[in-house]
1. List, in order, the whole-Hz ³J(HN,Hα) value for each residue of region 41-50 obtained from phi through the Karplus relation with A = 6.51, B = -1.76, C = 1.60 and θ = phi - 60°; use x for Gly and Pro.
2. If V83, V104 are ordered by their accessible area, calculated over protein heavy atoms with a 1.4 Å probe, which sequence runs from highest to lowest?
3. With every protein chain present, what is the per residue accessible area of region 73-130 (1.4 Å probe, Å²)?
4. Quick one: how many Å² of K57 are accessible to a 1.4 Å probe, rounded to 10?
5. Would you pull out the residues with amide H under 5 Å of D34's amide H, same chain only if 5 or more places away, H placed 1.01 Å from N?
6. Considering amide H positions built from the backbone, and no H for Pro or chain starts, which residues 5 or more places from R22, or on another chain, come under 5 Å of its amide H?
7. What residues of region 33-55 lie in the reach of a label at D94, counting those whose backbone N is under 18 Å from a point 7 Å from the Cα along Cα→Cβ?
8. Mind listing the long-range amide H neighbours of V105? Cut-off is under 5 Å, sequence gap 5 or more, other chains count too, H placed in the peptide plane at 1.01 Å from N.
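The values are calculated or read from the model by the stated rules, or taken from the named source; none is laboratory data. Everything numeric here is computed off the predicted structure, so don't read it as measured data. Don't worry about glycine lacking a Cβ; one is built from the backbone with ideal geometry, like all the others, and counts go over all protein chains shown. Quick note on the areas: whole protein, heavy atoms, side chains included, nothing else; ligands and nucleic acids left out. Shrake-Rupley method; radii C 1.70, N 1.55, O 1.52, S 1.80 Å.
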Amino acid sequence: TARTIPREVKDLFEPRSKSAGRTPEGRILKKITDENATPESIVSELLGGGGPTTAPKEGSIGAVNRIKTALFGSEKGNVGPLVDRDVAQRVWNDIRMAYWSRLVVNKKGAMQTPTMTAQNIKSAFQNQESLMRSLFTKNELKVMREYQHIVDELSCQAYNPPCPASPVHSLLRNPTTLSLPTVVHV
């Protein structure tokens, strides 16, 4: 989409500072809109390669925000969306899913262990909170935090039996306490 944008939104994808030329987010956007960029190189360039334990790459948050503006338009209304709403939402969700996958899937493509999943989410909140706030809604971040706590408690129970009992674990042990019509035993 960015490769076919009209001239009037060029500044959105090629931000420059007066003294230093292309800005860090401009360099990222240039690389990800290159016609030879692969999906893997786009994700790596946009989100960085260090994982959740490192701070976001310089320019990542700005690049993500510019992509969001290109997809959905600016809050000020001076830049309209470049694509229809369905396409914009699919592209945006692909970016968000790529970030989430880095937290819950290992480099071999398998799901992380519960302990690693909880640690990755916790690290992302500690080291990449601004990037996460650019990518996800407040409600989504709240759900991620809740998920991290639940997975952390479950992994504690699985690997350390003397760990203090959690409400989730007790529900799993005694599903009759749930007020649901059907319970799946884990």
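1. 5, 5, 4, 5, 5, 6, 9, x, x, x
2. Working: V83 35, V104 10 Å².
Per-residue accessible area, sorted high to low, gives V83, V104.
3. Values: 3670 Å² over 58 residues.
I get 63 Å² per residue for this part.
4. Around 80 Å² of this residue is reachable by solvent.
5. Sorted by chain and number, the residues that satisfy this come to none at all.
6. S17
7. It comes to 33-48, nothing else.
8. Amide H to amide H, under 5 Å and 5 or more residues apart or across chains, V105 pairs with Q112.
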